Amino acid sequence: MKKSIVLSAAIAFVVTTNAQNKVNQDSLFKEAAKTEFWEPVPKMVTPGKTNSDAPSDAIVLYNGKDVAKWEKEKGGKVGWKIDKDGALTVVKGSGNIATKQGFGNCQLHIEWREPSVIAGASQTRGNSGIFFMGQYELQVLDSYNNPTYVNGQAGSIYKQHIPLVNASKKPGEWQSYDVIFTAPVFFSDGKVQSPARITVIHNGILVQNNVAIKGHTEWIGIPKYAAHSDREPLVLQDHGLDGGQPMSYRNIWVREL
Ligand code: MG
């Protein structure tokens, strides 16, 4: 008799404990659910096979075949040439090229190659540049064993921000920039509400970490802002004073953010 009382008590205890645990667990899940969001559901984007390939929602600006998305910055046909290997190569003196479409906040992937034969030095060695909104320059330069002012080397925001490190590859090797660009915002009176910002990854290495751009890129003098629209063309530079063989671009794609 005694034995069965003890057994009943033990069973009752286990049942009670299990029920209590269930209640505790349910209330924990209820608490956790208060900080779970189920929408908005991020849309599916299919990544490229490699980082060079455009993801499914990107606008392909250049894929080695044609320059249909580009024009001469000052109007007219692109004067640069497409090589046999699909590289888009600067033709010196033909002028900068610009996208026909304007872009504001964006993610850009672009690959570039400096000539394998070294000619020129400092700023005249493979100089080009990527101008966001046609005016904020991310410098392109052969900075492999090529001393120059450091706020003008590859990976710099020209005359504004020195890159965190020099991630340059040797001349003749393809290099990449992956960039997150945030457009500046202006008040209706033209004053800056928020400056442009840029993050740059050069050959997989962070070189600019969300730095604030100080204004229109200047060779001489202090940069300042002039209000402009929220979408402007992306421009690639034909640096007329460059010393050697021209440099090239390939695999250019952009995602609007
Ligand atoms: Mg330049």
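The values are calculated or read from the model by the stated rules, or taken from the named source; none is laboratory data. Everything numeric here is computed off the predicted structure, so don't read it as measured data. Quick reminder, even Gly has a Cβ in these numbers, built from the backbone with ideal geometry, and neighbours come from all protein chains shown. Accessible surface areas use protein heavy atoms only, side chains included; no ligands, DNA or RNA. Shrake-Rupley method; radii C 1.70, N 1.55, O 1.52, S 1.80 Å.
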- Task: Starting from segment 108-128, take each residue that is on the phi > 0 side of the Ramachandran plot and list its partners that are β-branched (Val, Ile, Thr) and part of a loop (DSSP other than H, G, I, E, B), counting only C-beta distances under 8 angstrom and pairs at least six apart or across chains.
- Result: SER122/THR148
- Task: Kindly indicate whether ALA119 is outside the structural domain of LEU236 (by TED's automatic domain parsing) and either more than 16 Å from the ligand (Cβ to nearest atom) or outside any loop (DSSP other than H, G, I, E, B) (or both).
- Result: no
- Message: The conditions are (1) open to solvent by 30 Å² or more (accessible area, probe 1.4 Å); (2) of a type in the set (D, E, K, R); (3) out of contact with any strand residue (DSSP E or B) (no Cβ under 7 Å at 6 or more places or on another chain), and ARG231 fails exactly one of them. Which is it?
- Response: (3)
- Scanning segment 177-214 residue by residue, those assigned to a loop (DSSP other than H, G, I, E, B), free of Cβ contacts under 8 Å to residues at least 40 places away in the same chain and over 18 Å from SER143 (Cβ atoms) turn out to be PHE187, SER188, ASP189, GLY190, LYS191, PRO195
- Message: Can you pull out every residue in segment 131-141 that is over 15 Å from VAL211 (Cβ atoms) and within 11 Å of the ligand (Cβ to nearest atom)?
- Response: PHE131, VAL140, LEU141
- Task: Among the residues of segment 241-256, write down those that are modelled with pLDDT under 95 and either within 24 Å of ASP85 (Cα to Cα) or away from the ligand (no atom under 15 Å from the Cβ) (or both).
- Result: ASP242, GLY243, GLY244, GLN245, PRO246
- Within segment 48-98, tally of residues that are of a type in the set (Lys, Arg) and either outside any loop (DSSP other than H, G, I, E, B) or open to solvent by less than 50 Å² (accessible area, probe 1.4 Å) (or both): 2
